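Working notes, structure below.
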């Protein structure tokens with residue numbers, strides 16, 4: 001996959017279901033991404049404060065906490081976001097409805113396509 005935009009892309013994954021977290025992490029690593037995976041909301045926020053990823057994949061409901069605070073921090077700094085959800089609709093809040101989303105469990109090919117689309121729209125540094 002050399003030359004692929006996903007090769008070496010730093011992905012922050014926030015998913016509280018451990019099995020889905022592992023499966024998604026594996027799928028991301030298979031396409032060359034460097035994954036920082038979190039199952040707890042506060043751990044992901046702390047990671048965002050330390051270092052911004054190239055892209056973020058956020059489950060909307062993290063053990064009863066809605067992940068929009070993390071989305072706001074990331075989006076405000078130009079980080080593309082993909083929401084994953086177990087619900088039929090990607091989000092209840094109007095401001096996030098236009099964002100890419102995937103219904104769990106995400107098909108690895110669909111997730112790869114969403115990642116490529118999101119990274120292609122990311123502002124170029126410098």
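The values are calculated or read from the model by the stated rules, or taken from the named source; none is laboratory data. Owing to the predicted nature of the structure, the values given are computational and were not obtained by experimental measurement. Positions of Cβ are backbone-derived with ideal geometry, glycine not excepted, and every protein chain shown enters the neighbour counts.
Every listed requirement among (1) assigned to a loop (DSSP other than H, G, I, E, B); (2) at pLDDT 90 or above; (3) surrounded by 13 or more Cβ atoms within 10 Å (Cβ to Cβ) is met by residue 106 save one, (2).
The residue that is nearest to residue 86 (Cα to Cα), among those in segment 14-35 that are touching a helix residue (DSSP H, G or I) at 6+ places or on another chain (Cβ under 6 Å) and at pLDDT 95 or above, is 15. For segment 1-23, a residue qualifies if it is in a helix (DSSP H, G or I) and touching a strand residue (DSSP E or B) at 6+ places or on another chain (Cβ under 6 Å), and exactly one does: 21. Hey, could you check segment 112-126 for residues that are at pLDDT 75 or above and out of contact with any strand residue (DSSP E or B) (no Cβ under 7 Å at 6 or more places or on another chain) and say which is nearest to residue 31 (Cα to Cα)? Across segment 112-126, the extreme among qualifying residues is 112.
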